[in-house]
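Working notes for the structure below.
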Amino acid sequence: MQPRRVLEEGSELEGLASEEAAARLARYGPNAIPEGRPRLIRAFLSKLWAPVPWMLEAAIVLEVFLHEAMEAIVFGALLVFNAILGFAQERRAQQALQLLRHRLEIRARVLRDGRWSLAPAEELVPGDVVHLRMGDVVPADMRLSSGDLQVDQSSLTGESLPVGAGPDSTVYSGSVVSRGEATGLVVATGTSTFFGRTAELVRTAEPPSQLAQIIYGIVRYLVAIDIVLVVALLGYSLFRGVDPVRITSFALILLIASVPVALPATFTLATALGAQELAGRGVLVTRLAAIEEAAAMDVLCSDKTGTITENRLAVADVRPVAPHSGGELLRMATLASDEATQDPIDLAILAAAGGDREAGGDGTADGEVPVRSRFVPFDPATKRSEALVRIGGHEVRVAKGAPQVIEGLVGQDGDAFAREVEELSGRGDRVIAVAAGADGGMELIGLIGLHDPVRSDSKDLVGRLKSLGVRVIMVTGDGLATAQAVATEVGLEARARTAEWLRGGRAGRALDFDVVAEVLPEDKLNLVRELQQDGHVVGMTGDGVNDAPALKQAQVGTAVSNATDVAKASASLVLTDPGLTNIVDGVQTSRQIYQRMLTYTLNKIIKTFQIAMFLSVGFLLTGTFVTTPRLVVLLLFTNDFVTMSIAADRVSFSRAPDRWPVRAMVTSALGLAVPLLLLSFGVWWAARDVFHLDPRQIQTVVFLWLVLSGQATVYLVRERGRFWSSVPGRWILVSSAADLVVVTLLATRGWLMAAVPVGVAAWLLLPVAVYLLGSEAIKGTVLRRSGLVSSARAPT
């Protein structure tokens, strides 16, 4: 069924008046698609269908079979709590993405009141005249009136090859302009478009991050240790004649206690809080995994124009070639320029020619106005723009672009031409050559130097990134001399390579360059890939469609504020303020998140060693359970979920890129768990032989000790230095205090467990203090030998 098409009489290529556009907007509505309502029930039920919920559900079935109603209720509460927590965090992330979609709105070049301007695509109406260029997302269904395009419709039709579109062709909302430029008339908007909605710019599906894979790898390792302990436990129980059903139930509880049930929610919470914090600092996160990957980023490939420089080109020098004059050089350059492209070079040349926006400037020397019959806008692949113009009854071909490209067209004398180009480039100018001629041949008209001032904050930015251990490489399509001049100005060493040199696959291990010049889009992509193959975690910044492949390939693709729609859709981070200064906030915040997750992981590994080995070895030595399955499950609430507050802890960031040393983490945790395990047996012995408690009370004391020592472990490992060297965050203090009050009440009142005297509960503070001070004495040595404190850290 064909959608409703709208095109009113009187809509000509002069465009609409603002009043008429407003009236049509009120009549037809905004150029947007209403969002469908999410299926909340299905989303919630999906939280009950995963490996961790399966384990809890199996435990519920087993406890019901054993007629252990209280344990089954506790398991059910844990299952529902985890599902609600995960569901709430997912909803929060979806709401953040909805906000992000509004902030990443498509903007279109529209002709209103006789002038070209940028307007939100949502405000387009049928009858508007819109200009499209390479890299744009088509904002509405349009019928082209002039120009030629190659349009990528793969996101709409699945067809991988681009399709051609010329005058009288229709291009559809959501497709991407891959080549060419054209002007056309909007014929349908919003729900009346052919495909029903604009292309999705923000991808909600995100691949598993390197961080998540490493953490789950640690979990699998810990579960493997538990399996060994369970096998030993089962063998011993069969030898001693213990009820196998009871042992099986306890073994299942042991495994559940070792799986960080709260890890997915903690991880999501930490990154969501980080994304929210970054949004307030001008960094929008489109892929949460990029936050952690930025912590490990050690190389940042930065585009020059619009990031290191202001992207505010102005003609700084005009060098005509005799017998041509400077005025003639500018006039010929305007013939190969067009305001509708909004290209900074074209706009600078048109401004320098006197502000006349008509092709041909103010005419030739005899007053004749040239008539342009064909225009090919600048293409990064060819590095030039061209026009076919009729002057005095003759067809004249005019080209402007990179000097080396124009030199090849005209066959210019290499030495003299190179000296002129080198002189202009040496000042940091971007050099454009202009040539013209009939079919018989072209001649050089002259050179134009355009200056793009370096941003005032670029030098400071490079210095701050270097202080964080991030290597900055400037990547640009400009010539070698221009690139070196800009690099020196911003504090980079002028060790420069050309893209041709890098095409030999020599970018990786040596990394003996700071500038890459004369690059094509595929060179940026290959540079990122080669650096990744050599083990680097790579960031890439850019603004154009030619940057999109590299932005997508990089672990930390960053689109600057003035980037094209395609670049923003390909990036993981989008900056809303000009320049790159906000990327420093991204790196620092990501490293703070790393420190929080490292604390959580170390804490979990230590407690897993303690609980699994204490429960298993305790049974092997005494023939009795040192605590009950119910209390082990209760530990999941009082330990794992309470320590989720680590996600909001006040932490510092490291001065060097962070990596996840799995072996170092496990060995460090084991070194800190050994004294804790010995103290655990000491507490059990004191409860039995000093306080003469009965077996059920001993189990309560063990539970209370596991909770108290677990809280102490959090404060021990949250600082790699002395645990008292910084003040913890508010939420971690509040959650710890609430946890201690609740478990003390449970233990002394006898709720869910046998009651113990208040004096015994208070006595447990002594071994906790011994554990904290004793472990602090060896923590530094353990962490240094494992390499976890090899990098300096910034103040909190």
| field | Point-to-point label distance, D317-V245, nm (Cα→Cβ direction, 7 Å offset) | value | 9.3
| task | Starting from the Cα-Cα distance between K466 and A23, subtract it from 0.36 nm times their residue separation and give me the gain in nm to one decimal. | result | 154.1 nm
| Residue by residue, what Karplus-based ³J(HN,Hα) values in Hz, rounded to whole numbers, does region 396-401 have, using 6.51, -1.76 and 1.60 with θ = phi - 60° and x for Gly and Pro? | 10, 9, 10, 9, 9, x
| How many percent of the accessible area of region 575-722 is carbon or sulfur, using a 1.4 Å probe? | 63
| Gain on full stretching of the segment that runs from L678 to N562 - 0.36 nm per residue minus C-alpha separation | 35.7 nm
| message | If you count only protein heavy atoms with a 1.4 Å probe, what accessible area per residue comes out for region 517-658, rounded to a whole Å²? | response | 24
| task | Rounded to the nearest 0.05, what FRET efficiency do A494 and H394 give with R0 = 35 Å and r taken as the Cβ-Cβ distance? Could you check? | result | 0.15
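Counting only heavy atoms of protein chains, what accessible area per residue, in Å², does region 413-464 have with a probe of 1.4 Å?
44
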| Estimated vicinal HN-Hα couplings, Hz - region 16-26 in sequence order (Karplus 6.51, -1.76, 1.60; Gly, Pro = x) | 9, 7, 4, 5, 5, 4, 5, 5, 5, 4, 5
| request: Give, as a single signed number, the net charge of other residues whose beta carbon lies under 12 Å from the beta carbon of L300, with Lys and Arg counted +1 and Asp and Glu -1. | output: 0
| query | Based on the alpha-carbon gyration tensor of region 683-771, what equivalent-ellipsoid semi-axes (square roots of 5 times the eigenvalues) come out, in whole Å, largest first? | reply | 26, 15, 9
| query | Rounded to a whole number, what % of the accessible area of region 378-537 do carbon and sulfur atoms account for, probe 1.4 Å? | reply | 46
| remark: Taking a ≥ b ≥ c as the square roots of the eigenvalues of the Cα gyration tensor, with a/c under 1.5 meaning rounded and otherwise prolate when a/b exceeds b/c and oblate if not, region 624-679 is oblate
| request: Using per-residue counts of other Cβ atoms within 10 Å, averaged over each peptide, order 704-713, 176-185 from highest down. | output: 704-713, 176-185
| Going by a ≥ b ≥ c, the root eigenvalues of the Cα gyration tensor, does region 539-628 fall in the rounded group (a/c under 1.5), the prolate group (a/b larger than b/c) or the oblate group? | prolate
| query | What residues qualify as long-range amide H neighbours of D452, i.e. H under 5 Å apart, gap of 5 or more or another chain, H built at 1.01 Å from N? | reply | R430
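How much length would be gained if the chain were fully extended between A648 and E57, taking 0.36 nm per residue of separation minus their Cα-Cα distance, in nm to one decimal?
Numbers: separation 591, 0.36 × 591 = 212.76 nm, distance 3.01 nm.
The A648-E57 span can extend by a further 209.7 nm.
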| query | Which cross-chain or sequence-distant (5 or more) residues have an amide H under 5 Å from the amide H of F653, H modelled 1.01 Å from N in plane? | reply | A794
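The values are calculated or read from the model by the stated rules, or taken from the named source; none is laboratory data. Please read these numbers as outputs of a predicted model, since none were measured by experiment. Because the Cβ atoms are built from the backbone with ideal geometry, glycine has one as well, and the counts that use them run over all protein chains shown. All accessible areas refer to the heavy atoms of the entire protein, side chains included, with ligands and DNA or RNA removed. Shrake-Rupley method; radii C 1.70, N 1.55, O 1.52, S 1.80 Å.
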